[in-house]
Every structure is written in C-alpha cells, then in structure tokens.
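Enquirer: Below are the structure tokens for one structure; questions will follow.
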Amino acid sequence: MSNSEKRGEKFIAALRPVPICGNILRFVRKRHRFKVALVRSWSATGGVRRFESELRHFAQDPSQRRLELPQLVVRSSEGRSRGIVSAGRSLVFEASSRYVREVPEAHLLPPDIILSQGRRFVTENLNGEEAAALKHGVLGAFVRSFSPVEDRLGAVFSLLGPSSHNYFHWLTQYLPRVEDFLLWRTVAAPNAKLLLAPGLWQIRLLELLGVSRDLSVSYSLRHSMAEVAAVASYPGYPGNLALPATPERLTWVRSRILTALELKEQPRTRRLFISRRDSGAHRPIKNEEEIARTLERRGFQTVALGNLEIDDQVRLFAAARVVVAAHGAGLANLVFSTAPTVIELFPPDWVQPDFQAFQRALAYQALTLFTGGRHVGVSLQGSLQSGLRADVEGLLRVLAEELGDGIA
C-alpha cells in the first residue's frame with residue numbers, strides 16, 4: 001500500500017463514526033472506481049478493445065524477469081535490527097514485457113498524455129497505470145484533444161511521463177528506454193527523434209549514452225500531433241515501490257556512460273557522505289554538520305550532489321568504496337558503482353526499499369556489479385514532521401561492524 005493510500009485509509013477511518021460521512025465516502029469510492037474502470041476500458045492496453053497500432057517486441061533475457069526482495073532490515077540507533085515491511089506488500093516482482101507501441105497520428109497533450117487518432121489513451125506513457133492517468137489529468141486531456149492542433153511533429157519516441165524530472169526516475173526508468181529508441185529507429189523509423197521536456201542534466205546524460213542534441217525535440221506543452229509516436233513499455237518491475245529497471249537495462253545504461261567517460265577500470269577508494277544541504281526543506285537532517293565532521297576525520301568526503309556536474313557525480317560513484325547517505329534520489333548514482341558498502345539513513349516514518357531493490361537488481365543472476373557489496377539501513381531519530389537527527393555514535397558502530405577496519 002502506498003503512503004497516499006495509507007493516508008486515505010486513515011482519513012476514511014476517522015470519518016466512519018459519522019453516518020452522513022459514510023454515505024459521502026461510498027459515493028466518492030464508487031465515483032473513483034468508475035473513473036478507473038472508464039480509463040481502463042478506454043485505454044489501449046487495459047481493455048478488451050485495442051486500437052490500430054503495432055507492437056514491436058524486442059529480445060528480453062527471461063532469466064532476469066523475476067526480482068525477489070528480502071525483508072528490508074533497518075537498524076535502530078542502538079544497533080538493534082528491526083524488519084520493516086508494509087503489511088500486505090508483495091516482495092516478488094515480475095518484469096514487464098519489452099515492446100514498443102507505435103501510435104500513428106497521435107495526439108500529444110500536456111503534461112505527458114498521448115492519445116491515439118481515435119482518442120484512445122496510451123497507458124505505457126504513464127507506466128501502464130490507470131490511477132496515474134487520472135492523477136495526471138487524462139480526462140481533461142481527452143476534452144482538450146478536440147481543440148485546434150498547435151504543433152505538428154514527425155516520428156517521435158516519447159520520454160515524457162510522471163517523475164521524468166526526478167533524477168532517480170530519469171536515470172533508472174527513462175534512460176533505459178533510450179536503448180529501445182535506438183533499436184526502433186534502426187528497424188522502423190530512421191528519422192525519428194526523442195520527444196522530451198529536458199533540463200541540461202538530462203541532455204548531458206543522453207549525450208553520454210550517444211544521443212546527440214539533434215536527435216531530440218523539446219515538447220512545446222501544447223496540443224500537438226505526431227505522424228507517429230512510439231512509447232516503450234515500462235523497463236522494470238511494476239508495483240507500488242519505485243523499483244528500478246531490469247539488470248540488462250541498467251547494465252546497458254551503466255556500460256555506455258562509464259565507457260563514454262573512460263571509467264571502466266576505476267579503482268574503488270573513495271568514502272562518500274552525501275549531504276542533503278542542497279535539498280532545502282525536503283527531509284533535512286538537523287545534525288548533518290556533526291555527521292560530516294565526524295566522518296571527515298575518518299577519511300570520508302562530504303558531497304552535495306546538486307552542486308556537481310553530471311560527469312563529476314558519475315566519477316565520484318564509480319570510485320566509491322563506501323557511501324553513507326540519507327534516502328534520496330542522488331543514490332541512483334549507485335548504478336555507476338561496483339560492490340560498494342551503502343549505509344542508507346531512513347526517517348523512521350519513511351522507510352522505502354528503493355535502493356535495496358536497486359542493488360538487488362544489479363547483483364542479480366550472473367551480473368557482478370554489486371557482488372560483494374552491502375546495503376544496510378539505519379534509522380534516524382525524530383520524524384519528517386518534527387525534524388530528523390542521526391545518532392552519530394550509533395552510525396560509527398554500524399560502519400565499524402560493516403567495514404571491519406576500526407573506523408569507530
């Protein structure tokens with residue numbers, strides 16, 4: 001169950017004692033279920049009816065389709081271990097089938113909605129989720145699709161979608177689809193371009209993958225029509241967690257970028273503490289300066305990733321032996337590391353196994369990227385609302401136990 005769903009259940013539980021609220025809640029639930037059912041039946045992928053687009057399937061390693069996550073263990077500041085898993089959450093996932101859906105005469109509507117010529121909704125652009133479609137305004141987009149077309153494009157491959165401007169999601173869920181773009185361009189659409197709404201750091205990552213700026217087009221955020229729009233299936237494991245792409249997809253991204261920066265044989269020597277001082281008010285740690293000073297005396301380098309160019313972030317993580325960091329998108333750079341020890345600091349009310357899944361996926365089967373590496377969760381004190389602090393002595397005990405080099 002997602003955090004938003006948990007909050008919804010608490011709200012509903014609070015209202016149950018009031019009779020009139022019960023009727024309202026039943027109406028709201030029925031209305032939401034009706035909307036989801038409507039989008040599902042209207043979509044190109046969720047319903048029985050399918051519109052006239054073609055699916056182009058690409059080879060996929062069947063041995064890497066299954067991801068099994070063990071229970072996420074987070075250590076308390078006193079050193080005791082406690083397993084934290086949301087009730088009812090499955091920890092076994094199957095990867096999506098790998099294909100590209102071609103949509104002729106596609107309607108493109110802001111922020112990231114694609115409709116077919118017959119105005120059927122393309123779910124792949126929103127990771128195949130009807131609920132996400134509602135959240136991102138698909139019903140409003142349907143209405144706006146009857147407005148005059150303001151832009152016309154040729155063949156495009158969409159990298160638009162929810163959270164595409166989040167570093168973790170871009171690196172682990174969108175960039176792996178660039179391989180699909182290059183394959184599709186080779187076999188079906190030699191003049192196709194990537195469609196995206198990029199920032200400079202996104203453009204740089206594309207360049208490192210071998211995609212020059214002339215192979216992309218920026219979305220104007222207006223009602224546009226494309227001669228054909230292609231959308232790749234979700235490259236990872238669908239579910240409630242923010243899971244990464246499959247090992248073969250992450251390996252492709254990692255290999256291309258490390259090769260471009262000539263980092264294939266990078267020695268692993270760095271000890272990194274990832275600061276959150278560049279995150280503003282988003283999950284700050286009150287005694288971060290104390291943590292930094294303590295770790296720096298033990299050979300760690302304190303880094304605020306938001307202040308670094310993409311190339312420098314890749315170089316840092318490619319050379320990392322130990323990474324200490326609060327849960328955050330910057331840990332997506334672990335894709336460039338080899339067998340690090342990762343100490344991830346969790347708010348006690350915000351335990352997410354994203355990067356445990358990330359390491360598990362990269363160590364999967366015969367891959368050796370994280371073989372020998374470790375992922376250890378350590379609980380912070382306090383809460384997101386009251387503020388977070390780390391028990392520095394407890395953190396040092398965990399590091400000494402994991403590294404075995406007398407760091408404490």
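The values are calculated or read from the model by the stated rules, or taken from the named source; none is laboratory data. In this text the structure is predicted, and so the values were computed from the model without any measurement. Because the Cβ atoms are built from the backbone with ideal geometry, glycine has one as well, and the counts that use them run over all protein chains shown.
Enquirer: Could you please let me know if Ala339 is at pLDDT 60 or above, small (Gly, Ala, Ser) and at positive phi?
Expert: Values: at pLDDT 60 or above: yes; small (Gly, Ala, Ser): yes; at positive phi: yes.
In short, yes.
Enquirer: Among (1) over 19 Å from Asn125 (Cβ atoms); (2) over 18 Å from the mean Cα position of the chain (by Cα); (3) buried (at least 19 other Cβ atoms within 10 Å of the Cβ), which single condition is Leu205 missing?
Expert: The number of the failed condition is (2).
Enquirer: Also, quick follow-up: Outside any strand (DSSP E or B) and modelled with pLDDT of 90 or more, is that true of Gly239?
Expert: no
Enquirer: Then there is this: What number goes with the only condition from (1) surrounded by fewer than 22 Cβ atoms within 10 Å (Cβ to Cβ); (2) out of contact with any helix residue (DSSP H, G or I) (no Cβ under 6 Å at 6 or more places or on another chain); (3) not in a loop (DSSP other than H, G, I, E, B) that Phe168 does not pass?
Expert: Every condition holds for Phe168 apart from (2).
Enquirer: Identify all residues within segment 161-174 that are in contact (Cβ under 8 Å) with a residue 60 or more places away in the chain and over 16 Å from Leu250 (Cα atoms); write none if there are none.
Expert: Residue satisfying the conditions is Asn166 alone.
Enquirer: How many of the residues making up segment 198-236 are in a loop (DSSP other than H, G, I, E, B) and in contact (Cβ under 8 Å) with a residue 12 or more places away in the chain?
Expert: So the count comes out to 13.
Enquirer: While we're looking at this one, here's another question. Being in contact with a strand residue (DSSP E or B) (Cβ under 7 Å, 6 or more places away or on another chain), more than 20 Å from Arg177 (Cβ to Cβ), assigned by TED's automatic domain parsing to the domain that holds Gly387 and modelled with pLDDT of 90 or more narrows it down to one residue among Ala292, Ala304; which is it?
Expert: Ala292
Enquirer: Out of (1) more than 25 Å from Glu248 (Cβ to Cβ); (2) at pLDDT 90 or above; (3) crowded, with 23+ Cβ neighbours inside 10 Å, the odd one out for Arg177 is which?
Expert: Result: Arg177 fails condition (1) only.
Enquirer: Any residue at all in segment 157-176 that is under 25 Å from Val335 (Cβ atoms), of a type in the set (Val, Ile, Thr) and out of contact with any strand residue (DSSP E or B) (no Cβ under 6 Å at 6 or more places or on another chain)? Walk me through it before giving the result.
Expert: So the first thing to find is which residues in segment 157-176 are under 25 Å from Val335 (Cβ atoms), and the list is 157-176.
Narrowing the set further to residues that are of a type in the set (Val, Ile, Thr) leaves 172.
Restricting the remaining residues to those that are out of contact with any strand residue (DSSP E or B) (no Cβ under 6 Å at 6 or more places or on another chain) gives none.
No: zero hits.
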